[in-house]
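Asks: I'd like to ask you about the structure that follows.
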Amino acid sequence: MTDGRAGTPVDEKTYREVVQFLYREAELQDLKKNREWLALWTQDASYFMPLRVTKEKEVSGLLERKQGGFIVDNREFLEDRVRREETDFAWAENPPSRTRHFISNIQVEEGGGKNEVKVKSNNLVYVHRGDDTSYDTFSYGRQDILRKVDGSWKIASRVIITDQSRLTIDRISFFL
């Protein structure tokens with residue numbers, strides 16, 4: 001997670017590449033192309049959504065990775081989730097959710113590694129299932145580290161910062 005200080009912005013070309021990468025990722029998520037989406041991740045990737053607690057006068061109220069979280073995954077867990085969704089045993093996704101991922105306020109700065117960038121964004125996902133008239137929306141910020149691997153951007157790390165301390169959505173069986 002970041003300390004809130006701004007880093008060095010990237011050049012326009014890199015910024016455009018990263019924005020297009022994020023839009024393509026969102027499209028793959030919404031089309032349920034999970035295998036293609038998984039290919040966007042590095043082999044050493046981490047995917048973390050910390051618990052958020054409400055504390056007076058504390059800005060973030062985020063618990064650290066060692067304290068657990070809503071989601072604490074690595075590449076192996078992501079592969080397991082994708083593999084499970086391809087079976088008849090993914091009950092939480094029967095019928096499959098229809099999602100629409102919205103990304104805004106994208107900030108890209110130089111990362112710690114030679115071929116890495118840090119990306120912050122605000123996100124909203126709309127989720128609808130079956131013929132029900134109700135739907136869910138889920139608002140969160142993301143802090144990603146993208147790494148250039150063989151000429152293509154890949155997600156090396158993702159931290160999802162929810163705007164809620166208690167989730168109003170009853171399941172997160174889709175990817176954020």
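Asks: Could you tell me which of the residues Asn105, Asn122 is surrounded by 14 or more Cβ atoms within 10 Å (Cβ to Cβ), under 17 Å from the mean Cα position of the chain (by Cα) and without any contact (Cβ under 8 Å) to a residue 24 or more places away in the chain? Lay out the reasoning, then the answer.
Replies: Details: Asn105 fails: surrounded by 14 or more Cβ atoms within 10 Å (Cβ to Cβ).
Sole residue among the options that is surrounded by 14 or more Cβ atoms within 10 Å (Cβ to Cβ), under 17 Å from the mean Cα position of the chain (by Cα) and without any contact (Cβ under 8 Å) to a residue 24 or more places away in the chain: Asn122.
Asks: Select, from Ser173, Ser139, Ser152, the only residue that is among the polar types (S, T, N, Q), modelled with pLDDT under 75 and surrounded by fewer than 19 Cβ atoms within 10 Å (Cβ to Cβ). Quick ask: steps written out before the conclusion?
Replies: Numbers: Ser139 fails: modelled with pLDDT under 75; Ser152 fails: modelled with pLDDT under 75.
So the residue among Ser173, Ser139, Ser152 that is among the polar types (S, T, N, Q), modelled with pLDDT under 75 and surrounded by fewer than 19 Cβ atoms within 10 Å (Cβ to Cβ) is Ser173.
Asks: So which strands (runs of 3 or more DSSP E) are wholly in the stretch 15-120 and hold at least 2 residues that are among the polar types (S, T, N, Q) and at pLDDT 70 or above?
Replies: Details: elements: 41-50, 69-74, 97-110.
Result: 41-50, 97-110.
Asks: While we're looking at this one, here's another question. Taking Ser134, is it small (Gly, Ala, Ser), surrounded by 14 or more Cβ atoms within 10 Å (Cβ to Cβ) and out of contact with any Cys (no Cβ under 8 Å at 6 or more places or on another chain)?
Replies: Working: small (Gly, Ala, Ser): yes; surrounded by 14 or more Cβ atoms within 10 Å (Cβ to Cβ): no; out of contact with any Cys (no Cβ under 8 Å at 6 or more places or on another chain): yes.
Here the answer is no, as Ser134 does not meet what is asked.
The values are calculated or read from the model by the stated rules, or taken from the named source; none is laboratory data. From a predicted model like this one, the values you see are computed outputs, not experimental measurements. Glycine gets a Cβ as well: all are built from the backbone with ideal geometry, and neighbour counts include every protein chain shown.
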